[in-house]
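I'd like to ask some things about the structure below.
The values are calculated or read from the model by the stated rules, or taken from the named source; none is laboratory data. Owing to the predicted nature of the structure, the values given are computational and were not obtained by experimental measurement. Every residue, glycine among them, receives a Cβ derived from its backbone with ideal geometry; neighbour counts consider all protein chains shown.
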Amino acid sequence: MNVLVLGSGGREHAIITSFTNSKLVNKIYALPGNGGTSTIATNIQGDVNDFKKIKEEVINNNISLVFVGPEDPIVNGIYNFFKSDNFLKNIKIIAPSKLAGQLEGSKEFAKKFMERYNIPTAKHGAFTKENIDQSDAFLESMNPPYVLKADGLAAGKGVLIIDNLQNAKDELRSMILDKKFGDSSSKVVIEEFLDGIELSCFVLTDGNTYKILPFAKDYKKIGEGDTGLNTGGMGAVSPVPFLDNKFLEKIEERIIKPTIHGIKKENMEYMGVVFIGLIKVGQDPYVIEYNVRMGDPETEVVFPRIKNDLLDLFNSMGSTEFEDVKLQIEDRHAATIIMVSGGYPLDYEKNKIISGLTEETDSIIFHAGTKKVDDNFLTNGGRVIAVTSLSENYKDAVKSSYDQIKKISFDQAYFRKDIGFDL
Ligand code: AMP
Ligand code: GLY
């Protein structure tokens with residue numbers, strides 16, 4: 001079977017790498033892919049939101065399964081586009097429906113969903129220009145720090161955590177009235193601040209049965225000690241050392257089961273991954289957010305630990321076979337370290353030659369923002385390379401990735417040197 005993976009990050013390179021280990025896969029295509037995917041798959045130029053182009057490519061390349069990496073095409077309804085097209089409706093697409101996409105596409109939609117199924121999450125209020133005059137009183141009723149979230153997709157940048165009440169009131173106005181985050185902040189959710197340690201939970205579901213994939217912990221801040229601006233993610237480890245059976249059971253009973261139940265009850269049509277961003281407060285799990293796709297860089301530590309044939313696994317979804325699937329998970333721990341362009345997550349330069357990628361290694365080098373030009377790999381984004389290693393414990397895995405990353409270089413490269421520091 002031929003497969004197509006949509007997206008261009010480290011996540012997509014990791015998924016494609018897992019597909020290369022499948023006995024059932026014939027050819028792999030990436031749209032648009034990156035420098036790394038070009039070495040193990042065929043890159044197709046194009047935009048992940050150009051559904052007509054994707055349809056053409058599916059037909060021309062005899063694709064049987066499409067895996068959708070990023071959230072944008074999901075929130076824009078790529079699943080529904082496939083299901084309402086006479087030709088595409090028989091192609092397997094690993095992505096949830098447009099309605100389910102709202103779990104990520106609208107913070108308020110997600111909050112209301114959690115309320116309906118009693119899923120533990122921070123208390124909240126939602127404000128637009130219509131009820132903005134009530135926002136001051138709402139903020140005054142909360143304790144600092146104040147968490148303000150743009151309702152819509154904002155590429156992980158739409159969340160502000162503010163200590164001072166007056167600043168929070170002013171920022172809320174700037175988000176709604178001055179469109180600080182564009183249209184995504186025309187509605188703002190104000191949340192109670194939850195104090196704890198975060199972890200990422202991934203549930204593969206066809207809307208009926210579910211399988212819990214390995215957990216991971218990512219490091220979102222640019223600076224060491226979790227300081228500075230938020231990024232897409234600077235590193236990750238899997239499994240999560242502080243996740244014991246008792247805590248896992250609470251997550252499954254209080255969060256995963258009611259989430260899947262809600263998806264089913266509301267006929268959301270789900271064929272993919274529910275990514276539940278969790279926070280452990282005391283001994284209890286709370287949901288920070290839902291995403292409707294895999295995380296990046298979490299994929300770079302989760303998928304190398306899944307030993308099942310990936311195409312077999314995805315093909316079983318939607319049939320009774322999925323219930324019988326047993327996930328085979330690698331015992332070893334995985335760690336990934338992300339190398340980014342200097343200046344990221346603000347402005348940065350591209351087109352720097354990357355050296356040291358060809359050396360023999362036991363680590364796995366996933367490309368993110370790279371492109372291949374002649375015989376060189378050039379930087380082509382903020383997050384450039386993810387170096388993943390597997391070992392008996394997370395400390396050794398982290399160390400192996402650092403040993404490897406020191407051999408890779410490009411002008412103004414930066415990476416955090418403390419991944420795993422808090423575990
Ligand atoms: P989100 O886009 O909702 O995942 O938020 C981005 C980041 O902001 C999260 O990963 C948390 O670190 C932080 N955050 C979001 N909501 C809260 C909250 N209610 N309490 C504490 N931190 C939060
Ligand atoms: N690493 C977090 C995310 O993918 O949203």
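I want to confirm something. Restricting to the range 219-253 and keeping residues that are in contact with a Pro (Cβ under 6 Å, 6 or more places away or on another chain) and within 18 Å of residue 281 (Cβ to Cβ), which single residue is nearest to ligand 1 (Cβ to nearest atom)?
Here the answer is 251.
With 153, 99 as the choices, which residue is assigned to a helix (DSSP H, G or I) and touching a residue at least 24 places away in the same chain (Cβ under 8 Å)?
Values: 153 fails: assigned to a helix (DSSP H, G or I).
Sole residue among the options that is assigned to a helix (DSSP H, G or I) and touching a residue at least 24 places away in the same chain (Cβ under 8 Å): 99.
Tell me, yes or no, whether the range 221-244 has at least one residue that is part of a helix (DSSP H, G or I) and either aromatic (Phe, Trp, Tyr) or within 15 Å of ligand 2 (Cβ to nearest atom) (or both).
First, the residues of the range 221-244 that are part of a helix (DSSP H, G or I): none.
No, because not a single residue in the range 221-244 is part of a helix (DSSP H, G or I) and either aromatic (Phe, Trp, Tyr) or within 15 Å of ligand 2 (Cβ to nearest atom) (or both).
Just to be sure I understand, how many residues within the range 269-320 are assigned to a strand (DSSP E or B) and away from ligand 2 (no atom under 16 Å from the Cβ)?
Just the residues of the range 269-320 that are assigned to a strand (DSSP E or B), to begin with: 272-281, 284-291, 306.
Applying the additional criterion that residues be away from ligand 2 (no atom under 16 Å from the Cβ) yields 280-281, 284-286, 306.
Here the count works out to 6.
Can we say residue 203 is in contact with a Leu (Cβ under 8 Å, 6 or more places away or on another chain), within 13 Å of ligand 1 (Cβ to nearest atom), closer than 20 Å to residue 107 by Cβ and among the β-branched types (Val, Ile, Thr)?
Values: in contact with a Leu (Cβ under 8 Å, 6 or more places away or on another chain): yes; within 13 Å of ligand 1 (Cβ to nearest atom): no; closer than 20 Å to residue 107 by Cβ: yes; among the β-branched types (Val, Ile, Thr): yes.
No, not satisfied.
Could I ask something else about it? Name the residues in the range 8-23 that are hydroxyl-bearing (Ser, Thr, Tyr) and either without any contact (Cβ under 8 Å) to a residue 24 or more places away in the chain or under 21 Å from residue 292 (Cβ atoms) (or both), would you?
If we filter the range 8-23 for residues that are hydroxyl-bearing (Ser, Thr, Tyr), which is where we start, we get 8, 17-18, 20, 22.
Answer for the range 8-23, where residues must be hydroxyl-bearing (Ser, Thr, Tyr) and either without any contact (Cβ under 8 Å) to a residue 24 or more places away in the chain or under 21 Å from residue 292 (Cβ atoms) (or both): 8, 18, 20.
Condition first: at pLDDT 90 or above and in a strand (DSSP E or B). Now tell me which residues in the range 122-148 satisfy that.
Passing the criteria: 124, 146, 147, 148.
Same structure, new question: Can you report the number of residues in the range 165-193 which are over 24 Å from residue 287 (Cβ atoms) and either of a type in the set (Gly, Ala, Ser) or within 12 Å of ligand 1 (Cβ to nearest atom) (or both)?
The qualifying residues number 2.
Right, next: Of the residues that make up the range 340-353, is at least one over 21 Å from residue 381 (Cβ atoms) and in contact (Cβ under 8 Å) with a residue 60 or more places away in the chain? It would help to see each step written out before you state the result.
Applying the first criterion (over 21 Å from residue 381 (Cβ atoms)) to the range 340-353 yields none.
No; the residues of the range 340-353 include none that is over 21 Å from residue 381 (Cβ atoms) and in contact (Cβ under 8 Å) with a residue 60 or more places away in the chain.
While we're here: Being under 30 Å from residue 239 (Cβ atoms), within 16 Å of ligand 1 (Cβ to nearest atom) and surrounded by fewer than 18 Cβ atoms within 10 Å (Cβ to Cβ) is true for just one of 196, 158, 105, 101. Which residue is that? Walk me through it before giving the result.
Values: 158 fails: surrounded by fewer than 18 Cβ atoms within 10 Å (Cβ to Cβ); 105 fails: surrounded by fewer than 18 Cβ atoms within 10 Å (Cβ to Cβ); 101 fails: surrounded by fewer than 18 Cβ atoms within 10 Å (Cβ to Cβ).
The match here is 196.
Tell me yes or no: at least one residue of the range 132-143 is within 16 Å of ligand 2 (Cβ to nearest atom) and not basic (Lys, Arg). I'd like the intermediate steps shown before the answer.
First pass over the range 132-143, keeping only residues within 16 Å of ligand 2 (Cβ to nearest atom): none.
Checking the range 132-143: not a single residue is within 16 Å of ligand 2 (Cβ to nearest atom) and not basic (Lys, Arg).
For every residue, the table says whether it meets (1) of a type outside the set (A, V, I, L, M, F, W, C); (2) under 21 Å from the mean Cα position of the chain (by Cα).
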residue	(1), (2)
157	yes, yes
165	no, no
172	no, no
177	no, no
186	yes, no
196	yes, yes
201	no, yes
204	no, yes
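Only one of 19, 109 is in a helix (DSSP H, G or I) and more than 20 Å from residue 367 (Cβ to Cβ); which?
109
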